[in-house]
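The values are calculated or read from the model by the stated rules, or taken from the named source; none is laboratory data. In this text, all values refer to a predicted model and were calculated from it rather than measured experimentally. Ideal geometry is used to build each Cβ from the backbone, glycine not excepted, and the neighbour counts take in all protein chains shown.
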Amino acid sequence: AGQVLVRQDAQVRAIDVIARLDLGDGIAGPADRAGGGGTAFGAWDCSGFTNWAYAQNGIEIPRTSFQQIAAATPTTNPQPGDLVSQNGGAHIGIYIGGGKMVSALNPTQGTFVHSVNAMPVDGYYTYR
């Protein structure tokens, strides 16, 4: 399985997710795919993944996508590490730049890098 590398910069920029991902199989193994509503590594849902990724940098964010959006600040200039809200807030991921994001999708697809345009984007949010 792949690994997500995260870091926190001097400005306490939320997450700069630079992938070293196994894109063919995602982060999670076939038995531990996303979509189960969990927060454990590889068994997470979308907001469980963002919660985990931020926690790797000592940044506590709420558990659900709606709570994460409500606690963050909207931005029109997304930077790597900002949250991407999709489908009316029902889906959330982490922007990595270049129109791409990383998120936990579903049990079949797992967690991987994909276009922000894969689903309707509601907005970008930051914890700067």
- prompt: Is it the case that A28 is under 21 Å from V121 (Cβ atoms), touching a Gly at 6+ places or on another chain (Cβ under 6 Å) and at pLDDT below 65?
  reply: no
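Here is a yes/no grid of residues against (1) charged (D, E, K, R); (2) over 11 Å from C46 (Cα atoms); (3) surrounded by 14 or more Cβ atoms within 10 Å (Cβ to Cβ):
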| residue | (1), (2), (3) |
| --- | --- |
| Q67 | no, yes, yes |
| A71 | no, yes, no |
| T75 | no, yes, yes |
| N87 | no, yes, no |
| A104 | no, no, yes |
| T111 | no, no, yes |
| M119 | no, yes, yes |
| G123 | no, yes, yes |
| T126 | no, yes, yes |
task: Search the range 72-104 for residues being assigned to a strand (DSSP E or B) and without any contact (Cβ under 8 Å) to a residue 40 or more places away in the chain, and hand back the single one that is nearest to G123 (Cα to Cα).
output: Q86
